[in-house]
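Read the figures in this text as sums done on the coordinates, not as results from a lab. Everything numeric here is computed off the predicted structure, so don't read it as measured data. Heads up, the Cβs are rebuilt from the backbone with ideal geometry, glycines too, and the neighbour counts pull from every protein chain shown.
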Amino acid sequence: MGLLMRFFYLFPVKNVNYSFLLHGHSHVAMLGWTYLMIYVLIVSFFIPKHKSSKPIYNQLFWLTEFSVIGMMIAFPVQGYALFSIIFSTLHIILSYIFCWLVWRDCCKGKRMDKKLLLGAILFMLFSTIGIWCLGAIISLLGKQSILYQIAIQFFLHFQFNGWFLFAVLALFLKQFKNEIEISHFKVFFTLLIFSTIATVAFPVSWYVKNNVISVINGIGVVLQLLAFIYFYKMLKPQISWFKTTLNTTAKRVYSLAICSLVLKVMVQLLLLFPDIVSSSHQIRGFVIGFIHLTTLGIITGFLLGILFQNNLLSGRSSLVRSGVQCFVFGYVFTEIILFFQGGLFYFGKGLLPAYYESIFGASVLIVLGLVLIIASEIKIKKIRVD
């Protein structure tokens, strides 16, 4: 869907609604790929075997898959309308059931990875407040109101920076078998929670101009930097050992995730400058680049790293290695193009030559990489069956 959207900039098609396709792309990426992969890995690594084998987890997974497929079809056809809203609502209800199951079956205890997982679940629940407010806001104020936009940004912020980020960090921490310095973890965990709550002020500042909101976001950005400094201190004694447990493919995608995480923190530090804050959300290249930095770089990087590290995906296949290289190069190229183009617009320099052709070509590499990884897995499974 993302590739199609970039294709339509080169070759417009009258009968396709770009906005509807964008909604389909974003929902399937968030709730199809990211949510379902986190679902599978939480069940694999956190739920005790005698509980994860219960039919409820399998049934709930396929019901959730059904709701995602419904959104994948409904959004490109009708946008936000009856069927897309039904499937979206179904997904939220199913996610509540999943949170309750995880809470019941594995969130008790003082392990650090479990605390991160608990934080992820609470942020997931918290994020949906924004969605439930939409109905009342539309009926009272309409879709053009500021509150409508703030409710959507509230949901997206706590999904990406709360639920998804805390969940992948919990899964990543689960890969460290040795004890981790608990004092550093407590500081990291506390700072990350407060920074996540405070930085929701940034999207709010797009619609409400107030110095207090800017100060709150600035505090949140600084707290985030300090949080990940302690995250590094916490893991530093084990980094050398951890690297020895990884194959080349896992190292590559983990490096992608960590570099993207560092870049995300650095980019958000730039928001301490008022001139950048005022124009950042108005320049599409910056907005899309930052979203993909989080989704394709950090979240997907960590998820693929965990899959390759635990041989849930085969990192030794030549097809997979080629696929990962294509994906990484495509992601890096699209980020460079998006941020460079954003910089040109910021300084009033106009459009990059062959911008749409370049961004489409880089996106082809991302899709090709994923196709190669899938093809390799299908080939491996076929050999096992034969």
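Some observations on this one:
- First in region 280-296 and touching a residue at least 12 places away in the same chain (Cβ under 8 Å), second anywhere and among the charged types (D, E, K, R), Cβ under 9 Å, 6 or more apart: Gly289/Glu335; Phe290/Lys264; His292/Glu335; Leu293/Lys264; Leu293/Glu335; Thr294/Lys264; Leu296/Glu335
- Residue list for region 158-197, restricted to those being farther than 16 Å from Gly301 by Cα and touching a Leu at 6+ places or on another chain (Cβ under 6 Å): Leu191, Phe194, Ser195
- Checked against (1) under 30 Å from Ile373 (Cα atoms); (2) surrounded by 16 or more Cβ atoms within 10 Å (Cβ to Cβ); (3) touching a Gly at 6+ places or on another chain (Cβ under 9 Å); (4) of a type in the set (A, V, I, L, M, F, W, C), Val267 meets all criteria but (1).
- Ser279 satisfies every condition listed in (1) surrounded by fewer than 22 Cβ atoms within 10 Å (Cβ to Cβ); (2) within 15 Å of the chain's Cα centre (by Cα); (3) closer than 30 Å to Asn210 by Cβ except (2).
- Residue match in region 288-309 (condition: over 23 Å from the mean Cα position of the chain (by Cα) and farther than 21 Å from Glu357 by Cα): no
- Count - residues of region 179-205 that are in a loop (DSSP other than H, G, I, E, B) and either basic (Lys, Arg) or within 19 Å of Ile129 (Cβ to Cβ) (or both): 2
- Residue under evaluation Phe242, criteria (1) surrounded by 19 or more Cβ atoms within 10 Å (Cβ to Cβ); (2) more than 22 Å from the chain's Cα centre (by Cα), criterion not met: (1)
- Filter pass, Gly369 being assigned to a helix (DSSP H, G or I) and either free of Cβ contacts under 8 Å to residues at least 60 places away in the same chain or charged (D, E, K, R) (or both): yes
- For region 6-25, a residue qualifies if it is within 25 Å of Asn161 (Cα to Cα) and surrounded by fewer than 17 Cβ atoms within 10 Å (Cβ to Cβ), and the qualifying residues are Ser19, Leu22.
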